[in-house]
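Colleague: Let me begin by handing over the structure; questions about it come next.
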Amino acid sequence: MEFRDLKQQYQILKKEIDKSVIDAMTAANFIGGNPVNELEKELAEYVKARHCITCGNGTDALSLVLMAWNIGEGDAVFVPDFTFFATAEVVSFCGATPIFVDVEKETFNLDPEDLRKAIKEVQQAGKLIPKVIIPVDLFGLPANYPEITAIAKENNLLVLEDGAQGFGGEINGQKACSFADAATTSFFPAKPVGCYGDGGAIFTDDDDLAEKLKSLKVHGKGSYKYDNVRIGINSRLDTIQAAVLKVKFQAFKEYELEAVNKVADKYREILDKHFITPQISEGYLSSYAQFTLILDSSEQREAIQNQLKGENIPTMIYYPIPLTEQKAFAYLGNEIRQTKKTSELCQTVLSIPMHPYLTDQEIELVANTLIESKEIWIKKQ
């Protein structure tokens, strides 16, 4: 059994992917070209954003937006503590200070109430200037943007939606990657829409920001390639990756997003009486980059994970360490806030196989093995 079955997906889409890649190879236009332009247009139309700017990966996407906004030394950027390292890494990389905010245990996403507290603390301390909030659409579920954007407006802050895992999610019919001043996503292979390497994209309705991003991602170019008007980076989506994504994006729209939600419903049907399963608020839709359970303790998690491993059922822990405890952020010292719920989640979360091609038989095997493993653990206590 695969945790996210890219092999099966390729076999199903093989004819279309192979043709798309061979067409790109035959055209021999390996940087830019029609596949990239067409993909950007399709992605923008799906999200209903004025602009989609592709780039080399999801981390660069975040960095490029912060660069375009001139975020740097002395600025405070608010990020969730429970997420992948890149969300806070880019803040430090541009010279600003990440301010870690706790998450809601029910959704795994940024807690608006703790965000309010964090902003107030920074304002009262007077050492840093609050500039940006980066909510993360963790595990496929959009963050609470109605509250977060209201808080941002009250405090004159920009919002950058980290939709690396959330592409395809919705709030009341509005697509993820459309909720903020700018949004990013990742096309890392295991993401809801993934390529066969690295890739990323930025979405915005701001015309001036879009033009600046197009410059920054190609060495700060001006009117043409050899006219450099600012310091930028080299971050472009390869044409071959765009050719792959065009096919996979079509499958995602046509049936994969619906399929992962059916898998999630089936898991809940079996597991809800035994485990804390992902909570989806009314009006929200998740694209289920992961299906993550909350267990009772780290000891129980280890025992259940070992039991599943013995049955050849893969599991993952996203995430085992809070960002506030990562050695890379030790330099922040007293700037690091306490995030109790994040610490608890890191000790108890467990992600199980989730992809559009899981069969009912496989879902039942995973779920029933989980239940049996928990019962065995309880009896041993």
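We did not get these values from a lab; they are worked out from the coordinates using the rules stated. Note that the structure is predicted; figures quoted are calculated from it, not measured. Note that each Cβ is placed from the backbone with ideal geometry, even for glycine, and that neighbours are counted across all protein chains shown.
Colleague: Each label point is 7 Å from the Cα along the Cα-to-Cβ direction; what then is the distance between the points at Glu211 and Ser298, in nm?
Modeller: 5.3
Colleague: Still on this structure, I have one more. How would you classify region 255-380 from its alpha-carbon gyration tensor, with a ≥ b ≥ c the square roots of the eigenvalues: rounded for a/c under 1.5, else prolate if a/b is greater than b/c, otherwise oblate?
Modeller: In terms of gyration-tensor shape, oblate.
Colleague: Related question: Give me a comma-separated list of calculated 3J(HN,Hα) values for region 364-381, in order, Karplus coefficients 6.51, -1.76, 1.60 applied at θ = phi - 60°, integers in Hz, x for any Gly or Pro.
Modeller: Ordered by residue, 3J(HN,Hα) equals 5, 4, 4, 5, 5, 5, 4, 4, 4, 5, 5, 4, 4, 5, 4, 5, 7, 7 Hz.
Colleague: Which FRET efficiency value, to the nearest 0.05, is calculated for Lys262 and Lys340 with the Förster distance at 35 angstrom and r the Cβ-Cβ distance?
Modeller: According to the calculation, E is roughly 0.50.
Colleague: Among (i) 34, 23, 20; (ii) 43, 24, 17; (iii) 33, 29, 17, find the value of semi-axes √(5λ) of the Cα gyration tensor in Å that was calculated from the structure presented, and write down its label.
Modeller: (iii)
Colleague: Pick out, from Val366, Pro322, Asn306, the residue whose Cα sits farthest towards the positive end of the charge dipole of region 255-380, with +1 on the Cβ of Lys and Arg and -1 on the Cβ of Asp and Glu.
Modeller: Among Val366, Pro322, Asn306, the one farthest towards the positive end of the dipole of region 255-380 is Pro322.
Colleague: Who wins for biggest fluctuation among Gly200, Gly232, Gly126 in a Gaussian network model of the chain, springs between alpha carbons below 10 Å?
Modeller: For the chain, modelled as a Gaussian network with Cα springs under 10 Å, the answer is Gly126.
Colleague: Just Lys131, Lys191, Lys340 to compare: in a GNM of the chain, with alpha carbon springs under 10 Å, which one fluctuates most?
Modeller: For the chain, modelled as a Gaussian network with Cα springs under 10 Å, the answer is Lys340.
Colleague: May I ask you to derive the FRET efficiency for Glu45 and Lys120 from their Cβ-Cβ distance with R0 = 41 Å, giving the value to the nearest 0.05?
Modeller: So the FRET efficiency works out to roughly 0.55.
Colleague: Can you work out the Karplus-derived ³J(HN,Hα) for every residue in region 124-141? Use 6.51 cos²θ - 1.76 cosθ + 1.60 with θ = phi - 60°, whole Hz, and x for glycine or proline.
Modeller: Residue by residue, region 124-141 yields 5, 5, x, 8, 10, 9, x, 10, 9, 10, 10, x, 10, 8, 6, 6, x, 9 Hz.
Colleague: So who's got an amide H within less than 5 Å of the one on Asn228, skipping anything under 5 residues away but keeping other chains? H placed 1.01 Å off N, in plane.
Modeller: The answer is Gly222.
Colleague: Here is a further query. With a ≥ b ≥ c taken as the square roots of the eigenvalues of the C-alpha gyration tensor of region 153-226, please select rounded if a/c is under 1.5 and otherwise prolate if a/b is larger than b/c or oblate if it is not?
Modeller: Oblate, because a/c is 1.5 or more while a/b does not exceed b/c.
Colleague: Let me ask something additional. Using label points projected 7 Å from each Cα along Cα→Cβ, tell me how many nm separate Gln381 and Ala330, to one decimal.
Modeller: Rounded to a tenth, the inter-label distance reads 3.5 nm.
Colleague: How large is the helix-only mean residue ellipticity at 222 nm for the chain, computed as the sum of -39500 (n - 2.57) over DSSP H runs with n ≥ 4, divided by its residue count, in deg cm²/dmol to the nearest 500?
Modeller: After summing the helix terms and dividing by residue count, I get -13500 deg cm²/dmol.
Colleague: Okay, moving on. Give the long-range amide H neighbours of Asp75: residues separated by 5 or more places, or on another chain, with amide H under 5 Å away, using H modelled in the peptide plane at 1.01 Å from N.
Modeller: Residues meeting the amide H criterion: Thr97, Ile129.
Colleague: Still on this model: Which whole-Hz ³J(HN,Hα) couplings does region 296-301 yield from phi under the Karplus relation 6.51 cos²θ - 1.76 cosθ + 1.60, θ = phi - 60°, glycine and proline marked x?
Modeller: With the stated coefficients, region 296-301 comes to 7, 6, 5, 5, 5, 4 Hz.
Colleague: Rounded to the nearest 20 debye, what is the charge dipole size of the chain about its Cα centre when +1 sits on each Lys and Arg Cβ and -1 on each Asp and Glu Cβ?
Modeller: For the chain, the charge dipole is close to 640 debye.
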